[in-house]
1. Which is farthest toward the positive dipole end of the chain among ALA170, THR140, LEU188, measuring Cα position about the Cα centre, with Cβ charges +1 (Lys, Arg) and -1 (Asp, Glu)?
2. How much length is gained if the chain between GLU219 and GLU52 is pulled fully straight, taking 0.36 nm per residue apart and subtracting their Cα-Cα distance, in nm to one decimal?
3. Identify all lysines with a Cα-Cα distance to LYS86 below 20 Å; exclude those on the same chain that are fewer than 8 residues away in sequence.
4. Ignoring ligands, DNA and RNA, how do ASP151, ASP201 rank by accessible area with a 1.4 Å probe, largest first?
5. How much length is gained on full extension from ASN68 to ILE169, taking 0.36 nm per residue of separation minus their Cα-Cα distance?
6. Give the residue from GLN110, TRP89, SER48 lying farthest towards the positive end of the charge dipole for the chain; charges sit on Cβ (+1 for Lys and Arg, -1 for Asp and Glu) and the dipole is referred to the Cα centre.
7. Provide the per residue accessible area, probe 1.4 Å, for the chain, rounded to a whole number of square angstrom.
8. Cut-off 10 angstrom, C-alpha nodes, Gaussian network model of the chain. Which of LEU92, LEU150, LEU202 fluctuates the most?
Amino acid sequence: CARREAARDGLVMYASACREGKPDSVRLFALSACERAVRRHWASMATSEKEELKGTALEVLESGVRPNDARFIQTKAVAIVVEIAKREWPQLWEGLFPRLEEIAVRGMIQASLVMHVLHDFCEDCTNSEFNSALPPRRRTEILTELRRSLDQVARLCFKFLESCFGLIIAPSTDEAQWQQSVGPALSLAESTLGCLESLNDLCPVQTLIDNNIVAAISEFAQTQPRLGAGHRLQVAAWK
């Protein structure tokens, strides 16, 4: 029982550590304890515990990760949502994708986290070279629902690519200020392109065309952004 409760306690500890300004090591320990408990003890948890964890894990994505947080904190917060989704979506977590969409529009960091959730979740199910831990039947269930959700995901990706591209090419007389403000947009664009890459084998070309994804990707592939990071975006777009 104590081991099962580690998932809930880990997120409670994380929230407390954020409020009290604890070091990253404490926050990472809390998130790691939660992820480990989800991996090992999810099946033995009560339904009420699972529902509470789903809500809390999404709350961490929505308001528990700051733009300047270390990458390993962001990665671990994403991993918890992905691990739960592998076990619950779609049958027992129908509201996951609509909720992720709500979170994504809150800000650049939230949008980037959501794109990473979709990338990691989809990669485990769609990439034949990925060492998936999912049983074949469970993988098939998720793939079936992913195909039904492709339009929704594609629309969200286009929305982010469009807004990021506008920020990246926007003229500015203050180069230093521009570089500071465009950093989050570059990060979000890269994670969005990565999400689309993970869906490459699953998403029909017509779906990409209908949702303007092909046009948006072409812009990133051909435009020369002013930052060195622009090359990474071009590479991701061509992939």
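The values are calculated or read from the model by the stated rules, or taken from the named source; none is laboratory data. Since the model is a prediction, treat every value here as computed from it, not as a measurement. Positions of Cβ are backbone-derived with ideal geometry, glycine not excepted, and every protein chain shown enters the neighbour counts. Surface areas here come from the heavy atoms of the whole protein model, side chains and all, with no ligands, DNA or RNA. Shrake-Rupley method; radii C 1.70, N 1.55, O 1.52, S 1.80 Å.
1. The listed residue farthest towards the positive side: THR140.
2. Working: separation 167, 0.36 × 167 = 60.12 nm, distance 4.20 nm.
My answer for the length gained is 55.9 nm.
3. In chain and number order, the partners are LYS50, LYS54, LYS76.
4. Details: ASP151 75, ASP201 120 Å².
Ranking ASP151, ASP201 by accessible area, largest first, yields ASP201, ASP151.
5. On the way: separation 101, 0.36 × 101 = 36.36 nm, distance 2.35 nm.
That works out to 34.0 nm of additional length.
6. The Cα lying farthest towards the positive end belongs to SER48.
7. Numbers: 12230 Å² over 239 residues.
Accessible area per residue, the chain: 51 Å².
8. Maximum fluctuation in the GNM of the chain, among the listed residues, is at LEU92.
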